[in-house]
Amino acid sequence: MEIISVAIIPLMIFAIIAHATAKRVKVFDAFINGAKDGIDTCFRILPSLIGLLTAISMFRASGALTIITNFIAPVLSMIQFPKELVPLAFMRPISGSGALAIVRELLSKHGPDSFLGRATSVMMGSTETTFYTIAIYFGSINVKDIRYTVKAALLADLTGILVSVYVVRLLLC
């Protein structure tokens, strides 16, 4: 079994090259064209990524997250949403790495088997880095009018955020 796991990638590469050769495809030329397209895509999406990363850094450094959390704390207590999860709920649609830093902090402070640790884990698995994904996908194909994409994606994220807390409360605590 170990031999198969070690050999699977070289065998896949060999099979792709053999199939392309059988179809009379110039493998190296196709590879070079694909690499050129990849570099072109990188240059097209680079401005979107720089803007997104700059906005994330400014948002985190400004203390706006703490202000927002304190402002909405009364509403959160009414719906029984833990105040400690608000930074993750705000950061997850924006930045995967920023959200992971918050997850690491929450898990080290409260533990992975606590209610907050479990809700954090479910929230990470139930939501997406919406703005990053939109910047990558729409930026790579030069779409300027994203119509209802952001609204629908953020509604899905909000649903995942709220339901993660209630599912953990219902099933695991």
Considering every residue within the range 25-42, establish whether at least one is closer than 30 Å to Lys109 by Cα and either basic (Lys, Arg) or touching a residue at least 60 places away in the same chain (Cβ under 8 Å) (or both).
-> no
Matching residues in the range 95-117 (assigned to a helix (DSSP H, G or I) and closer than 24 Å to Phe59 by Cα) number 15
Within the range 80-114, residues touching a Leu at 6+ places or on another chain (Cβ under 8 Å) and among the hydrophobic types (A, V, I, L, M, F, W, C) come out as Phe81, Leu85, Val86, Leu88, Phe90, Met91, Ile94, Ala99, Ile102, Val103, Leu106
In the range 15-70, anything surrounded by 13 or more Cβ atoms within 10 Å (Cβ to Cβ), closer than 19 Å to Tyr132 by Cα and polar (S, T, N, Q) is listed as Thr41, Ser48
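Looking at the range 24-38 only, could you name the residues that are among the charged types (D, E, K, R) and not in a helix (DSSP H, G or I)?
Kept after step one, since they are among the charged types (D, E, K, R), are these residues of the range 24-38: 24, 26, 29, 36-37.
Matches in the range 24-38: Arg24, Lys26.
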Original post:
at pLDDT 90 or above, surrounded by fewer than 18 Cβ atoms within 10 Å (Cβ to Cβ), assigned to a loop (DSSP other than H, G, I, E, B) and in contact with a helix residue (DSSP H, G or I) (Cβ under 9 Å, 6 or more places away or on another chain) - does that describe any residue in the range 135-154?
Top reply: no
Selection from the range 115-151 of residues free of Cβ contacts under 8 Å to residues at least 60 places away in the same chain and small (Gly, Ala, Ser) yields Gly117, Ala119, Ser121, Gly125, Ser126
So, first residue free of Cβ contacts under 8 Å to residues at least 40 places away in the same chain in the range 160-171, second residue assigned to a helix (DSSP H, G or I), Cβ within less than 8 Å, six or more apart or across chains; the pairs are Gly160/Met123; Gly160/Ser126; Val163/Ser126
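The values are calculated or read from the model by the stated rules, or taken from the named source; none is laboratory data. Note that this is a predicted model, so its numbers are computed, not measured. Glycine gets a Cβ as well: all are built from the backbone with ideal geometry, and neighbour counts include every protein chain shown.
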